[in-house]
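The values are calculated or read from the model by the stated rules, or taken from the named source; none is laboratory data. For clarity, every value in this text was computed on a predicted model and none was experimentally measured. Cβ sites come from the backbone with ideal geometry, for glycine too, and all protein chains shown count toward neighbours.
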Amino acid sequence: MNYKIKLRKVSTFIFDVDGVLTNGDVILFQDEIVRVLNSRDGYAIQHASKEGYQIFIITGGSSKIVAERLLELGVKEVRLRSSNKLDVYRALQHKYSFSDQEVLYMGDDLPDYPVMKVVGVATCPQDAAVEIKQIADYHSPFNGGRHCVRDVIEQTLRVQEKWLTDGSFKW
């Protein structure tokens, strides 16, 4: 099935952080890990949240600063230190009552694989691991941290006629 047809059912976005919302690089700075988030991805997250989409983060990372920033953008919940992402996914699904078919998940590496096998729309950045590309419904032409999140959110909202509709473009 064409992935754009699947986008019609999406009400929930779930993203990994490292390699998806960031380029996967980590900079060590005085015992801290520094990550760079893309402002276009951030705008798309904020816009989708305002349009009523549920947005969640499931990451193996532990950055509270990243979590705080994403929550400010409208992410409903950030699950840090997730070693078993499928269990975390199922817990979110139980808590927020969404079906697998309603979920667009974007991951880039092997810890994302189990969740990507069950969701309605599995997506990945262009520079994802080979195994992830093999199961993804859609490969963004953008690398992690370089607008791939914006790409899938914008496509979904366009298919559902919620991207830049009358009155929706607000600062």
message = Being outside any helix (DSSP H, G or I), in contact with a Ser or Thr (Cβ under 6 Å, 6 or more places away or on another chain), at pLDDT below 95 and surrounded by 18 or more Cβ atoms within 10 Å (Cβ to Cβ) is the requirement here; does Val17 meet it?
response = yes
task = May I ask you to list the residues in region 83-106 that are within 15 Å of Val20 (Cα to Cα) and out of contact with any strand residue (DSSP E or B) (no Cβ under 6 Å at 6 or more places or on another chain)?
result = none
ask   = Which one of Val66, Val103, Val118 is under 24 Å from Leu157 (Cβ atoms) and either in contact with a helix residue (DSSP H, G or I) (Cβ under 7 Å, 6 or more places away or on another chain) or of a type in the set (Lys, Arg) (or both)?
value = Val118
key: Odd one out for Leu28, checked against (1) in a strand (DSSP E or B); (2) within 21 Å of Val115 (Cα to Cα)   = (2)
key: Selection status of Ala67, of a type in the set (A, V, I, L, M) and modelled with pLDDT of 95 or more   = no
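What helices (runs of 4 or more DSSP H), lying completely within region 45-138, carry at least 2 residues that are in contact (Cβ under 8 Å) with a residue 24 or more places away in the chain and buried (at least 17 other Cβ atoms within 10 Å of the Cβ)? Don't jump to the end; show me each part of the working.
Details: elements: 64-72, 85-96, 113-116, 130-135.
The qualifying helices (runs of 4 or more DSSP H) are 64-72, 85-96.
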